[in-house]
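See structure below.
Values quoted throughout were computed directly from the atomic coordinates according to the rules given, and no laboratory measurement underlies them. Since the model is a prediction, treat every value here as computed from it, not as a measurement. No Cβ is skipped: glycine too gets one built from the backbone with ideal geometry, and neighbour counts run over all protein chains shown.
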Amino acid sequence: MKKILRVGTRGSKLALAQTGWVITQIRKRFPDLAVDTVIIKTKGDKITDVPLARIGGKGLFVKEIEEALLREEIDLAIHSLKDVPSELPRGLELVAFPEREDPRDALIGSGVKSILDLPRGARVGTSSLRRQAQLRRLRPDLQILPLRGNVDTRLRKLQEGQYEAILLAEAGLRRLGISVKRVSLSTEEMLPAVGQGILALEIRSDDVETREIVSFLHHPETAFCAQAERAFLRRMEGGCQVPLAAHARLSDGQLHLEGFIADPEGRRFYREGLTGSPQEAEDLGFRLAEILLSRGGREILEELLS
């Protein structure tokens, strides 16, 4: 057994809260193991005033952490799965997915009860193309304005009156213990991002000791959902530059997967679902992507990525 486990993470309050939870579980399980936190600044952390879709590229919040892992400066990386590209660098592997937190989006605004309840022309803050397309499909009258920064910064901008409402991930609010009044949107209203609410533990593929240490954190049901959603993303090849989403859930022994792809205005919007056994999670994700590509998604991808 290792004497010291070096854990790499971003330095945001949310990333540190997520990493702190994982480290607490490891220390409970292995009280004699020393665990060090190594904070690594990523490109996405350094650029806070530009929407991610405009920055382009993949792995904006994980690349530098993965490079530290490959250089053996850390032994374990902890990510929000929604930030992890569908293709990993050679020699790295996602080995554990703890049980998923609530994957839904939260709508926050004074007295706001739903998206349909927002005043006509209301200013809504989000820089996510996925959220923008779904908002515009439901409420084309809304003013959708960019919103970047950590959770505290986003909430402060709302309180200052820059927006009537903002959208944030419910999982992040829960992990930070933030009790702000909000409405958790159903997945019918707002389909979550691929991997939203899931933590991903990444190691070097040949690091047997670290693999054994974190194996107890793995939640098989969450892993099936992650596999299906990431297979969908891998086939779509859209990343953060295309409005798309996929969400999987297990019910009565079956895996239910829903996904969509749209243009940024939400005018062309294709959404479908498939159901199958958990063991065919990757195949479900691939097949759902193929259905949406054939319905019109391929043309959207060609336009947005050309």
- Given 0.36 nm per residue, what is the gain on full extension from D141 to R90 after removing their alpha carbon distance, in nm? 13.8 nm
- Apply 1/(1 + (r/R0)^6) to the Cβ-Cβ distance of T24 and E290, taking R0 = 41 Å, and write down the FRET efficiency to the nearest 0.05. 0.50
- How many nm is it between the label spots at V180 and V208, if each spot is 7 Å from the Cα in line with the beta carbon? 4.8
- Vicinal HN-Hα couplings computed from phi for the stretch 255-261 (Karplus, 6.51 cos²θ - 1.76 cosθ + 1.60; Hz; Gly/Pro x): 9, 9, 10, 10, x, 8, 9
- Loop-resident sites, the stretch 191-297, for trypsin sites (Lys or Arg not before Pro), counting at most 14 other Cβ within 10 Å (DSSP): R267
- GluC sites (Glu not before Pro) restricted to DSSP loop in the stretch 64-99 with at most 14 other C-beta within 10 Å: E72, E73, E87, E99
- Task: Report, for the chain, the % of DSSP beta bridges that are antiparallel, rounded to 5.
- Result: 70
- Note on the structure: As straight-line cross-link partners of K113, the qualifying lysines (C-alpha separation under 30 Å, not fewer than 8 residues apart within one chain) are K13, K82, K157, K181
- Hz values of 3J(HN,Hα) by residue in the stretch 131-145 - Karplus curve (6.51, -1.76, 1.60), Gly and Pro given as x: 5, 4, 4, 5, 4, 5, 5, 7, 9, x, 7, 5, 8, 9, 10
- Query: If r is the Cβ-Cβ distance from S251 to H218 and R0 is 25 Å, what FRET efficiency results, to the nearest 0.05?
  - Reply: 0.75
- Message: Which residue fluctuates most in the GNM of the chain (Cα springs below 10 Å): L244, L116, L201?
- Response: L116
- Message: Between A96, A17, A106, where does the largest GNM mean-square fluctuation fall for the chain, given springs only between Cα atoms within less than 10 Å?
- Response: A17
- Message: I want to check the label-to-label distance for R71 and S114. Put each point 7 Å from Cα in the C-beta direction and report it in nm to one decimal.
- Response: 5.2
- Note on the structure: The simple spin-label model distance between L304 and T37, using points 7 Å out along Cα→Cβ, in nm, is 3.4
